[in-house]
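A short write-up of the structure that comes next.
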Amino acid sequence: MRLIASALVTLAFAGSGAIAQAQPLKTRTLKVSYDITLAGLPLGKADLSSSFAGSKYEMEGRAKLTGLAMILTGGKGEAS
């Protein structure tokens, strides 16, 4: 009798795991924008974006210099 009860409990947990795995993972996204300044003078902007789905993630970052910093260096960059 105990063997049948433990087998039923095992099947119940296995079935609930299969149901949980069948549901699509919810993707969560975080987007952040920064203004970069030095002593109140604008130097540039940076945008960061991250997406998370379960144990997988994607990250992307962009930065661009503006104003006097852009004239002096002409810099911008991206990463993903």
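The listed peptides 26-38, 44-56, ordered by packing as a protection proxy, come out as 44-56, 26-38 (highest mean of other Cβ atoms within 10 Å first). For residue 59, the accessible area of its heavy atoms, probed at 1.4 Å with every protein chain present, is near 110 square angstrom.
Taking other residues whose beta carbon is less than 12 angstrom from the beta carbon of residue 67, and scoring Lys, Arg as +1 and Asp, Glu as -1, yields +1. One chain, two ends: residue 39 and residue 66. Fully extended at 0.36 nm per residue, the span grows by 8.2 nm beyond their Cα-Cα distance. If you wrap the Cα atoms of the stretch 23-80 in a convex hull and average its projected area over all directions, you get 4.6 nm². Around the amide H of residue 43, modelled in the peptide plane, lie the amide H atoms of 36, 37, 38, all under 5 Å away and 5 or more residues distant in sequence or on another chain.
The values are calculated or read from the model by the stated rules, or taken from the named source; none is laboratory data. If you're wondering where the values come from, they're calculated on a predicted model, not measured in any experiment. A quick note on method: Cβ atoms are made from the backbone with ideal geometry, for glycine too, and the neighbour counts reach across all protein chains shown. All accessible areas refer to the heavy atoms of the entire protein, side chains included, with ligands and DNA or RNA removed. Shrake-Rupley method; radii C 1.70, N 1.55, O 1.52, S 1.80 Å.
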